[in-house]
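Here the structure is laid out as structure tokens; the discussion comes afterwards.
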Amino acid sequence: MNQQTVKNIGKFKTGLIIGALIGVWSGGVWGALFGAGIGFFIQRWLHSILFGEGSAQVLFFKSTFIVMGKVAKADGRVTEHEIQFARDVMTRMRLNEEKRREAMGYFSEGKEADYDLSKVLRPLSLLIQRRSAVKIMFLEIQLQAAMADGDISANELQVIQEVCTFLKMSQQEMNQLLARMQAQQSFHSSSAGPSSQSMIAEAYKVLGVAADVGDAELKKAYRRLMSQHHPDKLVAKGLPEEMMQLAKEKTQEIQAAYDVVKTSRK
């Protein structure tokens, strides 16, 4: 049994189990085997109709740039900073010319005033509903897009809140993530030295902990964030492979913030 077959069985095990149970009830052991096979293929067929080939990774890629376009247009006009941010993301993803055109097409689609985000976010939510780290990564990209021109406006925040509703993320989760992203932006762009009080204060916020937290709790928060943004884990859960670089950059920023805090405590 090859690796792809094992993945397929895991992905469509619900249909397999339900089919087997029905088969047992109607035809014993052979009925269970037959029912499991039928259930497996029916679920796979429905999955392909609803989500298409590539499932979470294809939808994540498409949704990322559509929502990015929606966020950019939230204030009525798309600024050069917002367009440049989208291009920078494509560059960091090392997209070839064909994929760049595809991404820009999605970005333009999202800018349309009557575009309904539910078309991409509802199926994406179904696929990643139990993958909190993937949800966080998706929202982090959109928050960065919203802050590309320096700050996040009320209209941009409204789009972000709509995204959170579809992805079943609470207001508290969104607020905590927004605070971390704002701190990360300040930390990344700060010209102050790593030992300055302002840099240290921002580093704590990047890690999502108070300055008076104990060493054990600090390390726990750091490890949790590093695990959430681990590129290989995210790709396994649905992050497109092209976005591994974005995840790597996140881990580097988290590591830099942790190093600043550790140094300040010595």
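Rule-based calculations on the coordinates, nothing more; no lab input. None of these values were measured; they are calculated from a predicted model. Note that we place each Cβ from the backbone using ideal geometry, even for glycine, and neighbour counts take in every protein chain shown.
Numbers for the structure displayed
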quantity: Extension gain, ARG224 back to SER196 (0.36 nm per residue minus Cα-Cα distance, nm); calculated: 7.5 nm
quantity: Unsatisfied cross-links (Cα-Cα over 21 Å) in the set LYS168/LYS219; LYS99/LYS233; LYS111/LYS205; LYS135/LYS248; LYS70/LYS119; calculated: LYS168/LYS219; LYS99/LYS233; LYS111/LYS205
quantity: Computed lengthening from THR263 to GLU80, 0.36 nm per intervening residue step minus Cα-Cα distance; calculated: 62.1 nm
quantity: Burial ordering of LEU121, LEU126, fewest other beta-carbon atoms within 10 Å first; calculated: LEU126, LEU121
quantity: Eligible aspartates and glutamates near LYS73 by straight Cα distance, threshold 15 Å, same-chain separation 8 or greater; calculated: GLU82, GLU109, GLU112, ASP114, ASP116, ASP149, ASP151, GLU156, GLU162
quantity: Calculated FRET efficiency for the pair GLN129/GLN255, C-beta based, R₀ 35 Å, to 0.05; calculated: 0.75
